[in-house]
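Read-outs throughout are calculated quantities, based only on the coordinates presented, and are distinct from any laboratory measurement. These numbers come from a predicted model, not from an experiment. Please note: Cβ atoms are built from the backbone with ideal geometry, for glycine as well, and neighbour counts cover all protein chains shown.
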Amino acid sequence: MVSPSEFAQQLVNALSLGSIYALLALGLSMVYGVLGMLNFAFGELVTITAYTMLFLANHGAPFPVMAIGGVFAAVIASILMELVAFRPLRGASFVTLLFTSFAVAELLQNVFRQAISSRPKGVPVPSLFDNAVRVGSVRIGVLPLITAGVGATALVLLTLFMRRSRSGIAMRAASQDFATARLVGVRANRVISLAFAISGLLAGIAGVLWISRTTAVQPTTGFVPILEAFIASVIGGLGNLRGAVAGGFFLGALEVFLQATLPGKILPFAQAVALLIVVAILYVRPQGLFGRRVEAKV
Amino acid sequence: MTGQPPRPLLSVDEITVAYGPVTALHGVSLQVSEGEIVAVLGPNGAGKTTLLRTLAGALRPRHGQIWLDGKRLDGIVPEEAVRRGIATVPEGRLVFPGLTVEENLQLGAISRRDRQAIRAEIDELFSMFPILGERRAQPAGTLSGGEQQQLSIGRALMARPRVMLLDEPSLGLAPIIVGQIFALLRDLRGRGATLLLVEQNVHKALEIADRAYVLSVGRVVTSGPARTLATGELERMYLGMSRAR
């Protein structure tokens, strides 16, 4: 059996990893919900966040400035991505948009390689992140605690925005029925730009948290985040925002649980085991754990 | 209703609309004056829905013009048409099932800026449709068909339209509910609304309409005051249906 202390620590780890995955899945799902497209260049937004943080660190900026700058860069990059690459293809098929997003991802990775470096670069993060705090007899890492807190706050604020604000209601309407939303007066371009802006915001926040764990960046940094985001949102049911959050936390918890319980020999394959479990779930419930039946997307 | 109003509020001038190589409307013209209920009748495939979709900005006419109160309306996008004063109650109601009743109504006013007035109007609508008031926090998808139709009409009203387009508001509803919906439309006209109504239920439509146009295979085959059309042979000739039971 695990000790209560170990349990508490793993719980925070699960919540922390889960909230990163939830933010990423939500960012991917947001755009999928409104436009019906999977943006595989989403991972590059995390990379852009990381390089922006690195750039600011090299110019002597303190960590909070690096973090805010990184998030800001991801938002701008996401909006530009839509304007430059996807808007000209409005109304194109799912596959066309999918391949366009692969092209954007590939292009950005090559830009990073040529303009910066193909090698990993260290991103300085506060040493405070490595510390642990003691709560009673339980020791919990500072970074997982911050990550879980930031993630939860972001999710709550986003929920309030989607529920209360007029733009949030318009976005939810557009993701249920885009044509009818326009018929009642929702501006198509504005709601799509907003979806990409929020998607970028989520990628940026998740990116800062991700880089704080990995403390390094290279041109392919976005690969793992986009993969986890995709898996988590598929588990939750693509386009279902609540499902994306649930899928993210589920995936985070699953990975932490496997890391903690798998015998040493199998441990290197924890990720593979996690994927196997995901495949098994999707075999039984193709619409995802929380998704409704697959609805036709026009 | 004697004498010709000075200028129609909505004027459709010889529009031709095509889906790719298939022409759905051939030079259709019609006028709607302020405060009128105008019905567009005709069998399936006559082009009625195409006409409404074109007026709402969802389709672009190949030829011809659409004028709303002296301004060109053809060629604009749907969200702009709403801002010019065209609100649609689409076929099949198309409320947003995952949004609450109240959010559906808020969305209807998305083109407006006057938040205070919007609040007051939503409350007004809830007293007009008490059942919607009771269910304001419920997802619209849980409402019955008739309630969804009320909501769809309420959502269109929230845009404060100059002209409301209604596509088959009786479709799929029980006869008693259809009666209620038509009573509501008559009531709206009493409050000064201007309605353009597409209907399969010819008998009901001619009961509340001032004038009607009959479409067949994309052309206006006849038009005139509803009373005249109701007593004529038109129903059998052009609509191929017996009188409503």
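About the Cα centre of region A:4-284, how large is the charge dipole given +1 on each Lys and Arg Cβ and -1 on each Asp and Glu Cβ? Please answer in debye to the nearest 20.
Charge dipole of region A:4-284: 540 debye, to the nearest 20.
Using the Cα centre of the protein assembly as shown as origin and beta-carbon charges of +1 (Lys, Arg) and -1 (Asp, Glu), tell me which of B:VAL101, A:THR96, B:ALA39 is placed farthest towards the positive end of the dipole.
After comparing all options, I get A:THR96.
Assuming 0.36 nm per residue, please report the length gained on full extension of the stretch B:ARG7 to B:THR222 beyond their Cα-Cα distance.
Full-extension gain reported as 75.3 nm.
Evaluate peptide B:93-106: per residue, the Cβ atoms of other protein chains within 10 Å of its Cβ; return the mean as an integer.
Across the residues of B:93-106, the mean count of other-chain Cβ atoms within 10 Å is 4.
Rounded to the nearest 0.05, what FRET efficiency do B:ARG62 and A:ARG285 have when you use their Cβ-Cβ distance and R0 = 35 Å?
Plugging the Cβ-Cβ distance into 1/(1 + (r/R0)^6) gives 0.15.
With label points built 7 Å along Cα→Cβ from the Cα atoms of B:GLU80 and A:ILE146, find their separation and express it in nm.
Output for this residue pair reads 4.9 nm.
With charges set only on the Cβ (+1 for Lys and Arg, -1 for Asp and Glu), what does the dipole of the protein assembly as shown come to about its Cα centre, in debye to the nearest 20?
280 debye
Could you check the simple spin-label distance between B:ASP69 and A:PHE102, using points 7 Å along Cα→Cβ, in nm with one decimal?
Distance between label points: 5.2 nm.
Please give the net charge around B:VAL95, taking every other residue with its beta carbon less than 11 angstrom from that of B:VAL95, where Lys and Arg add +1 and Asp and Glu add -1.
Once all neighbours under 11 Å are counted, the net charge is -1.
Kindly list the residues of region A:186-221 that lie in the label zone of A:SER118, defined by a backbone N under 13 Å from the point 7 Å along the Cα-to-C-beta vector.
From region A:186-221, the list is A:219-220.
Identify, among A:MET171, A:VAL133, A:VAL123, the residue whose Cα sits farthest towards the positive end of the charge dipole of chain A, taking +1 on the Cβ of Lys and Arg and -1 on the Cβ of Asp and Glu, with the dipole about the Cα centre.
Farthest towards the positive pole: A:MET171.
Between A:THR153 and A:LEU89, 0.36 nm times their residue separation minus their Cα-Cα distance comes to what?
19.5 nm
Given Cα pairs under 8 Å that are at least 6 residues apart, what percent is the relative contact order of chain A?
This gives 36 percent for chain A.
Work out the charge dipole of the protein assembly as shown with +1 on the Cβ of Lys and Arg and -1 on the Cβ of Asp and Glu about the Cα centre, then indicate which of A:VAL234, A:GLY27, A:ALA57 is farthest towards its positive end.
Final value for the positive-end residue is A:ALA57.
Taking Cα pairs under 8 Å and at least six residues apart, what relative contact order does region B:10-239 come out at, in percent?
29 percent.
Taking every DSSP beta bridge with both residues inside the protein assembly as shown, roughly what % is antiparallel (nearest 5)?
Percentage antiparallel, nearest 5: 65.
If you average the C-alpha positions of region A:192-269 and of region B:81-114 separately, how far apart do those two centres end up, in angstrom?
What the calculation gives is 36 Å, centre to centre.
Work out the FRET efficiency for A:THR261 and A:ARG163 from their Cβ-Cβ distance, taking R0 = 35 Å, and round it to the nearest 0.05.
Once the sixth-power term is evaluated, E becomes 0.40.
Would you calculate the volume per residue, in Å³, of the smallest convex hull containing every Cα atom of the protein assembly as shown?
Each residue corresponds to 193 Å³ of Cα convex hull volume.
Using a 10 Å cut-off around each Cβ, can you sort B:LEU9, B:LEU125 from fewest to most neighbouring Cβ atoms?
Lowest to highest Cβ neighbour count: B:LEU9, B:LEU125.
If you keep only loop residues by DSSP, which trypsin sites (Lys or Arg not before Pro) in region B:171-200 have at most 10 other Cβ atoms within 10 Å of their Cβ?
Those that pass, being in a loop and sparsely packed, are B:ARG191.
Describe numerically, in nm with one decimal, the distance between label points set 7 Å from Cα along Cα→Cβ at A:ASN189 and at A:ALA61.
My value for the distance between the label points is 3.0 nm.
PRE reach from A:ASN110 (point 7 Å along Cα→Cβ): which of region A:41-62 fall under 14 Å by backbone N?
Zone members listed by number: none at all.
Express the C-alpha Rg of region A:4-284 as a ratio against the empirical globular expectation 2.2 N^0.38 Å, rounded to two decimals.
Scaled against compact globular proteins, the figure is 1.00.
Taking each residue of A:172-182 in turn, how many C-beta atoms of other protein chains fall within 10 Å of its C-beta, and what is the average?
6
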